[in-house]
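Notes to accompany the following structure.
The values are calculated or read from the model by the stated rules, or taken from the named source; none is laboratory data. Because the structure is a prediction, the values reported are computed rather than measured. Don't worry about glycine lacking a Cβ; one is built from the backbone with ideal geometry, like all the others, and counts go over all protein chains shown. Surface areas here come from the heavy atoms of the whole protein model, side chains and all, with no ligands, DNA or RNA. Shrake-Rupley method; radii C 1.70, N 1.55, O 1.52, S 1.80 Å.
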Amino acid sequence: MSLLDSDRLFQALLERLELPGATVVADLDFDSFDDVPLITHRSFVAQEGNGRGIWRATLTINAFVDISSEPDPWNTVIQPLYDGIHAWGDHPLAGVVDGVGAVSTVDRDIEALNRHGNAVELDAKSITTYTGSFELTIRA
């Protein structure tokens, strides 16, 4: 039995989503807001009961959007991101990453992608954060 590489799985799946100009990184792998929109991900996984190769995952997403240059972040970044995550469980091949694993179901929104706090002004950018968490079932 091998451990599920959830960082690799979610990196690949998020990169496939049609999010124009978005940079995708694990939340520990970035050090600046040069490239926005910036989508970060963090996941926690645990083996599901006695089901070998079945994992329960909690995926947390942070989307950093420059609202000074992106007038409609909801329709260009947030809604497509939310729809894309749910598509992994709705369409048989959408959540598959060969050699890594596959999202079987998106079981529930722990927190949908919600705006958190006021915009932060950085080098002529006005960064707004949206955060969401999702519970998923994954097959290794």
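Values for this structure:
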{"quantity": "C-alpha long axis of helix 6-16 to longest principal axis of the chain, angle in °", "calculated": "60"}
{"quantity": "Answer label for mean projected area of the Cα convex hull in nm² (calculated), chosen among (i) 9.1; (ii) 7.6; (iii) 8.4", "calculated": "(iii)"}
{"quantity": "Percent carbon-and-sulfur accessible area, the chain, ignoring ligands, DNA and RNA, probe 1.4 Å", "calculated": "49"}
{"quantity": "Full-extension gain in nm, Thr131 to Gln79, via 0.36 nm per residue minus C-alpha separation", "calculated": "17.5 nm"}
{"quantity": "Calculated FRET efficiency for the pair Asp90/Glu15, C-beta based, R₀ 22 Å, to 0.05", "calculated": "0.70"}
{"quantity": "C-alpha long axis of helix 79-90 to longest principal axis of the chain, angle in °", "calculated": "10"}
{"quantity": "Simple spin-label estimate for Thr23 and His116 in nanometres, 7 Å along Cα-Cβ", "calculated": "1.9"}
{"quantity": "Residue-averaged 222 nm ellipticity for the chain, from DSSP H runs of 4+ at -39500 (n - 2.57), nearest 500", "calculated": "-5000 deg cm²/dmol"}
{"quantity": "Sites Arg8 and Thr58 - FRET efficiency at Förster radius 22 Å, r taken between beta-carbons, to 0.05", "calculated": "0.85"}
{"quantity": "Dipole moment magnitude, nearest 20 debye, the range 1-112 about Cα centre, only Lys, Arg, Asp, Glu C-beta charged", "calculated": "560"}
{"quantity": "5 angstrom amide H check on Thr105, placed H, neighbours 5+ away", "calculated": "Thr137"}
{"quantity": "Per residue value of the accessible surface for the chain (all protein chains in place, 1.4 Å probe), Å²", "calculated": "53"}
